[in-house]
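Contents: one structure, followed by commentary.
The values are calculated or read from the model by the stated rules, or taken from the named source; none is laboratory data. A quick note: this is a predicted structure, and the numbers were derived from the prediction, not measured. Virtual Cβ from ideal backbone geometry, glycine too; neighbours counted across all protein chains shown.
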Amino acid sequence: MPSTNDNSSRQLQDAFELFNEASGQLVNSYAMLEQEVKRLNDEKERQHVAVRDMAERLQNLINSLPAAIVVVDKRGLVVECNAMACALLGNPLAGAAWHKVIRRNFKHADLSQTYVEHRNGRYLLIDTRPLGREPGQIVLISDHTDNRRMEQAMQRHQRLSAMGEMVARVAHQIRTPLATAMIYASQLKSMLPQSQAREFSHQLHDCLHHLNQMVSDMLLFSKGDDMKVEVLCAGDIMHRLQQICVALQKEDLPIRFENRAGQARILANAQGLLGALENLIGNAVQASTAPASVRLSAFVDPDYLAFAVRDNGVGMSEQVRQRIFEPFFSTKSGGTGLGLAVVRAVVTAHQGDLDVQTHAGGGSCFIVRFPLLSERENGLTLLDPVMVKEAGDE
């Protein structure tokens, strides 16, 4: 019968064997763990190198792009930019408030415009995109000066061609009212009854006004979109139009002016805008039928300052409506066909919109819309107003 000591020895031996087996398994597991850790570290290092290489490639790609890239954070501050951005917008750039960068570089920066003019005379195209989940924006600025100049050259060529045709067509029309005005002027020198002198004076004024309108239309049409702009408000525009249209006002044909736009502001060429609206009002006066009525209304249409000129005439057929903006097309015997062509040219030059509502027997309404000026920086705000405000407060 085995003794108690023998049993204890076997148990102790079995325990040592189990311990040795567990130790071996632990050593093997540790070795496998070391290998896995090494593999993971190597993989992490490879990923880190790959990410670093990709970041370097992306950075090189961004720096080699022929466009300026600017990253603006939620505060409206420039946090990143490439070499082209520094060359185009100047230093300091990184860390600067974006609205200040805009002010020192651009004459007027309004995204509603097709091109933004740099103070050095270059024409730039600006596009903005959100950063995604992170607040802020990416601003991409590309130089389109050559394209812009080609467009201007083409438009100038088209205008010159049209001007050549126009000169041939309206030369006799200019001579006719001029000769009539000279006749009336010569008759005024002699002794005439007061009633007849007043009638001659009225006829002289109409002839000279007609002559002046034709010359103004030719000048505006030839200028196209090459016009200097300034800040104009709706109230001032309506007031100046009332003064201009005094000669068109008649007792049996009142022109009503209605300003529902307050002091809404736009960036526009005063001569071009007033000339276009005067053309529309003059056409409405001629188109109106008894009891005549012409109304000019100014109102805000979302992002636009709109002017509506309405008459109570016979309206237009669809065939005429489709051709009214063609140069030299006119339904009036003494018309040059340039008035509405000038209106369209002026509206297009201001990146505006032109709409015609008419039907035969129901009168016509011409609506022109001009992009509203931004409430901040006179149109210089390219970011959300809150972002610009926060940047300006720092």
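Can you say whether R344 is in contact with a Ser or Thr (Cβ under 8 Å, 6 or more places away or on another chain), of a type in the set (K, R) and in the same structural domain as C233 (by TED's automatic domain parsing), as far as the supplied structure shows?
Working: in contact with a Ser or Thr (Cβ under 8 Å, 6 or more places away or on another chain): no; of a type in the set (K, R): yes; in the same structural domain as C233 (by TED's automatic domain parsing): yes.
No; evaluated as a whole, the condition is false for this residue.
Determine which member of the set D311, D353, D303 is surrounded by fewer than 13 Cβ atoms within 10 Å (Cβ to Cβ), assigned by TED's automatic domain parsing to the domain that holds N269 and either modelled with pLDDT of 85 or more or in contact with a Pro (Cβ under 9 Å, 6 or more places away or on another chain) (or both). Steps first, please.
Details: D311 fails: surrounded by fewer than 13 Cβ atoms within 10 Å (Cβ to Cβ); D353 fails: surrounded by fewer than 13 Cβ atoms within 10 Å (Cβ to Cβ).
Only one candidate passes the filter, namely D303.
Of everything in region 356-378 that's at pLDDT 90 or above and touching a Leu at 6+ places or on another chain (Cβ under 6 Å), which residue is farthest from F307 (Cα to Cα)?
L372
For the subset of region 260-285 comprising residues that are out of contact with any Cys (no Cβ under 7 Å at 6 or more places or on another chain) and surrounded by fewer than 17 Cβ atoms within 10 Å (Cβ to Cβ), which member is modelled with the lowest pLDDT?
If we take residues in region 260-285 being out of contact with any Cys (no Cβ under 7 Å at 6 or more places or on another chain) and surrounded by fewer than 17 Cβ atoms within 10 Å (Cβ to Cβ), then Q271 is modelled with the lowest pLDDT.
Could you go through region 316-334 and let me know if any residue there is closer than 17 Å to C245 by Cβ and crowded, with 21+ Cβ neighbours inside 10 Å.
Within region 316-334, none of the residues are closer than 17 Å to C245 by Cβ and crowded, with 21+ Cβ neighbours inside 10 Å.
For region 323-330, does any single residue satisfy the condition of being of a type outside the set (A, V, I, L, M), modelled with pLDDT of 85 or more and more than 27 Å from E258 (Cβ to Cβ)?
Of the residues in region 323-330, the ones of a type outside the set (A, V, I, L, M) are 323, 325-330.
Checking which are modelled with pLDDT of 85 or more leaves us with 323.
Still in the running and more than 27 Å from E258 (Cβ to Cβ): 323.
Within region 323-330 (the criterion being of a type outside the set (A, V, I, L, M), modelled with pLDDT of 85 or more and more than 27 Å from E258 (Cβ to Cβ)), the answer is yes, since at least one residue qualifies.
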